[in-house]
Amino acid sequence: MRSREVLISPPLSSSAITVFAPAKINLILRILDRRSDGFHNLWSIMQTVGLEDEVRIRLCPDRPGIHLSCDAVQLAADESNLVYRAAAAVLARARRSVGLDIELRKRIPMGAGLGGGSSDAAATIIGLNRLLRLGWSSLEMADVGQALGSDVPFFLFAPSAFVTSRGETVRPVVVEGTRWVLLVNPGFGVNTKWAYQELAATRTGVTSLSQIQCELDRQARVSWPQLAAAAANDFESPVFAAQEKLLEIKQRLQAQGAEIALLSGSGATVFGVFADEAAARLAQATFAGEQGMTLFVVPNCSGPLLVQEGAPR
């Protein structure tokens, strides 16, 4: 079993490193007022789960530039990729010129509301911080990450945290206990920009945080029963109206006894939180064989992103 390490560790003796980039779910996602910069303020509790991409980084002193490869053919392995952009941002901030060979192995579905690209970017920052012996704190790494995407800073404070403002304000929180999560990806995506536009067009105003959500906001530790009582995602109303299949998935998860059943992010993945693996597996079986669906049964993570010296094959 792999042990999880803290982000700041002694310098590596190796010229290669592997960082495991987990998916996230939004246990609560409230979309609040629109900001002067055009973005929305949000209030969320995010939690990483044990579905992970791998980011493998190797120093190449005899070859300049960033060379990225990816096993997902539908994802561009060029300057537009968040992993490439994260590596370039780290080198620019550190004022370092070094050749990098980066291999991205994808397992998290793309465009699924699970934060895979943001997690990959955060993993790249963490890996280069270690590999280049930069000694940056989580806050310094998050400062690099926030320019890449709103979800990136969260992964630098994983496994669980309150996320506010555009996503750049992150306060870690302890979620007590272990749960198993069934991720149901329907095989299609939901465009985040469209989801925001639909939300703005269909709601009459911004609903304030509920009393229990306000109470959670003052806590350093939260329980799963508290989260179940406060669980909400403001994107569900407009997204479910357009994609009834997602509402059906949520209802089926609830019928299987999920403590929480919710859309993650703007979708299209819907997740169910269960007390143990057996219950999650039973729920998974009810979806087995359905065309286009991808199912994952994973535990919630209990530590920061895993870092391993070397690039195992």
Test: residue 227 is under 25 Å from residue 200 (Cβ atoms), among the aliphatic types (A, V, I, L, M) and out of contact with any Gly (no Cβ under 7 Å at 6 or more places or on another chain): no
Residue tally, condition crowded, with 24+ Cβ neighbours inside 10 Å and under 13 Å from residue 44 (Cβ atoms), over the stretch 132-159: 3
Failed condition for residue 243, given (1) at pLDDT 95 or above; (2) within 21 Å of the chain's Cα centre (by Cα): (2)
Which numbered condition residue 272 misses (of (1) under 25 Å from residue 191 (Cα atoms); (2) surrounded by 15 or more Cβ atoms within 10 Å (Cβ to Cβ); (3) touching a Phe, Trp or Tyr at 6+ places or on another chain (Cβ under 8 Å); (4) of a type in the set (Gly, Ala, Ser)): (3)
Residue match in the stretch 288-296 (condition: more than 22 Å from the chain's Cα centre (by Cα) and not in a loop (DSSP other than H, G, I, E, B)): no
Residues of the stretch 137-163 classified as over 20 Å from residue 82 (Cα atoms) and of a type outside the set (A, V, I, L, M), total: 4
Flag if residue 127 is touching a strand residue (DSSP E or B) at 6+ places or on another chain (Cβ under 6 Å) and either in a loop (DSSP other than H, G, I, E, B) or more than 23 Å from residue 262 (Cβ to Cβ) (or both): yes
Test: residue 272 is in a strand (DSSP E or B) and within 22 Å of the chain's Cα centre (by Cα): yes
Only one of 137, 119 that is under 24 Å from residue 190 (Cα atoms) and polar (S, T, N, Q): 119
Entirely in the stretch 1-82, the strands (runs of 3 or more DSSP E) that have 1 or more residues that are at pLDDT 90 or above, buried (at least 20 other Cβ atoms within 10 Å of the Cβ) and not hydrophobic (A, V, I, L, M, F, W, C): 16-34, 40-59
Test: residue in the stretch 79-87 that is under 23 Å from residue 266 (Cα atoms), among the polar types (S, T, N, Q) and under 11 Å from the mean Cα position of the chain (by Cα): no
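The values are calculated or read from the model by the stated rules, or taken from the named source; none is laboratory data. Note that the structure is a prediction, hence the values are computed from the model and not measured. No Cβ is skipped: glycine too gets one built from the backbone with ideal geometry, and neighbour counts run over all protein chains shown.
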